[in-house]
Amino acid sequence: QVQLVESGGGLVQAGDSLRLSCAASETTFSNFNMGWFRQAPGKEREFVAAIRWSGRSTYYADSMKGRFTISRDNAKNTVYLQMNSLKPEDTAVYYCAARAGGSLYYTIREYNYWGQGTQVTVSS
């Protein structure tokens, strides 16, 4: 069973950067497509970014393009989310998700495994 652990969240000021990490306790990590989602209080969980198992294909929500970058290091069983030019509206709990096979997915129901999330707070 795949276990995902997010880290790297924290409190930052608007305009700052953070890099989130998601470590997978799974020897077949390289076969999994990965995604990042976020959820703010009182709001639905929303898609942020996705990356295929090879790392050669990515997909972003429109609001993230140009600011966020998803990447992965299969040798370390880790996926990253580099967040630049952070805004107060980026404040949320960020979740890592995984699924075996398939393609790039941007809906919650397509993912099989989820981490517990890491809090990102951006002050104005």
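The values are calculated or read from the model by the stated rules, or taken from the named source; none is laboratory data. Since we're looking at a predicted model, the values are computed, not measured. Neighbour counts run over all protein chains shown; Cβ positions are idealised from the backbone, glycine included. For the accessible areas, the whole protein counts, side chains as well, though only heavy atoms, and no ligand, DNA or RNA atoms are used. Shrake-Rupley method; radii C 1.70, N 1.55, O 1.52, S 1.80 Å.
For a paramagnetic label modelled on residue 104 (point 7 Å from Cα along Cα→Cβ), amide N atoms under 16 Å away belong, within the range 67-82, to 67-72, 80-82. The heavy atoms of residue 114 present about 70 square angstrom of accessible area, all protein chains included, probe 1.4 Å. Reported to the nearest whole Å, the Cα centre-to-centre distance from the range 1-77 to the range 87-124 is 6. Return the single residue from 27, 69, 58 with maximal mean-square fluctuation; model: Gaussian network over the chain, springs between Cα atoms under 10 Å. Among 27, 69, 58, the largest GNM mean-square fluctuation belongs to 27. Neighbours of residue 29 by Cβ distance under 15 Å: Lys/Arg scored +1, Asp/Glu scored -1, total +1. Excluding ligands, DNA and RNA, the accessible surface per residue across the chain is 52 Å² with a 1.4 Å probe. State the percentage of accessible surface on the chain attributable to carbon and sulfur atoms; use a 1.4 Å probe and exclude ligands, DNA and RNA. Reported share for carbon and sulfur atoms: 44 percent. Residue 47: net charge of surrounding residues, Cβ under 12 Å, Lys/Arg +1, Asp/Glu -1, itself excluded? Overall, the nearby charge balance is -1.
Hey, with R₀ at 30 Å, roughly what FRET efficiency would residue 31 and residue 82 work out to, going by the Cβ-Cβ distance, to 0.05? Plugging the Cβ-Cβ distance into 1/(1 + (r/R0)^6) gives 0.80. Ligands, DNA and RNA excluded, the heavy atoms of residue 87 present near 90 Å² of accessible surface to a 1.4 Å solvent probe. Accessible surface comparison of 105, 94, 59, probe 1.4 Å, protein chains only, largest first: the order is 59, 105, 94. Relative contact order of the range 63-124, taken over Cα pairs closer than 8 Å and 6 or more residues apart, is 32 percent.
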